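J.: I am attaching a structure below and will ask some questions about it afterwards.
A short reminder: the numbers here are calculations on the coordinates, not readings from a lab. From a predicted model like this one, the values you see are computed outputs, not experimental measurements. With ideal geometry, Cβ positions are generated from the backbone for all residues, glycine too; neighbour counts draw on all protein chains shown.
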Amino acid sequence: MIAASVDALHDPAQNLIDKTHGLDENGAQVPGRGDMPNQHDILTGSDVNGMSMGVHCDNWTSSAETGVTVRVGHHDRMGGGEMPTSWVSAHTTSGCSAERFVETGGAGRIYCFVAR
């Protein structure tokens with residue numbers, strides 16, 4: 001379990017979102033800041049409260065190099081940007097292509113949550 005509630009999910013003191021718990025669909029740890037390659041950027045399109053900012057690769061339909069962007073968070077809660085320790089809203093990418101994601105520390109990954 002990462003968080004006991006939606007409120008806890010958005011409270012850094014109450015959730016377990018960090019590099020240790022940043023796993024891919026196969027259970028492997030996602031590389032973070034300090035790893036090669038750094039892939040800590042997670043596509044969210046959200047502000048720090050989890051609300052859409054409208055910054056989401058043209059409603060998740062574009063892979064353009066320029067002209068569209070996406071808001072990302074840092075699964076390891078480290079790095080650059082306006083809010084470097086935010087798992088949901090650290091900074092915006094320079095485009096929506098795979099190459100642009102790599103430039104800012106990502107691989108085009110998304111979060112997947114399950115409520116139990």
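J.: Between a residue in segment 6-28 that is closer than 22 Å to Met83 by Cα and touching a residue at least 24 places away in the same chain (Cβ under 8 Å) and any residue that is surrounded by 11 or more Cβ atoms within 10 Å (Cβ to Cβ) and aromatic (Phe, Trp, Tyr), which pairs come within a Cβ distance under 7 Å, given they are 6 or more apart or on different chains?
T.: Filtered contacts from segment 6-28: Ile17/Trp87.
J.: Further question on the same structure: For the subset of segment 1-35 comprising residues that are in a loop (DSSP other than H, G, I, E, B) and among the charged types (D, E, K, R), which member is surrounded by the fewest Cβ atoms within 10 Å (Cβ to Cβ)?
T.: The extreme case among them is Glu25.
J.: Can you tell me which condition Asn59 does not meet? The list is (1) under 26 Å from Ala115 (Cα atoms); (2) surrounded by 11 or more Cβ atoms within 10 Å (Cβ to Cβ), and all the others hold.
T.: Among (1) under 26 Å from Ala115 (Cα atoms); (2) surrounded by 11 or more Cβ atoms within 10 Å (Cβ to Cβ), Asn59 violates only (2).
J.: For residues that are polar (S, T, N, Q) and farther than 24 Å from Ser5 by Cβ, tally how many sit in segment 16-65.
T.: 8
J.: Residue by residue through segment 1-35, note down the ones that are within 22 Å of Gly108 (Cα to Cα) and touching a Ser or Thr at 6+ places or on another chain (Cβ under 9 Å).
T.: Gln29
J.: Also, I was wondering about something else. Which one of these is of a type in the set (Gly, Ala, Ser), surrounded by fewer than 21 Cβ atoms within 10 Å (Cβ to Cβ), over 17 Å from Asp24 (Cα atoms) and in contact with an Asp or Glu (Cβ under 9 Å, 6 or more places away or on another chain): Gly80, Gly67, Gly54, Gly108?
T.: Gly67
J.: Regarding Arg33, is this residue touching a residue at least 40 places away in the same chain (Cβ under 8 Å) and touching a strand residue (DSSP E or B) at 6+ places or on another chain (Cβ under 9 Å)?
T.: It is true that Arg33 is touching a residue at least 40 places away in the same chain (Cβ under 8 Å) and touching a strand residue (DSSP E or B) at 6+ places or on another chain (Cβ under 9 Å).
J.: Continuing with this model, one more query. Of all the residues that make up segment 75-102, how many are under 14 Å from the mean Cα position of the chain (by Cα) and acidic (Asp, Glu)?
T.: Looking only at that region, the number is 2.
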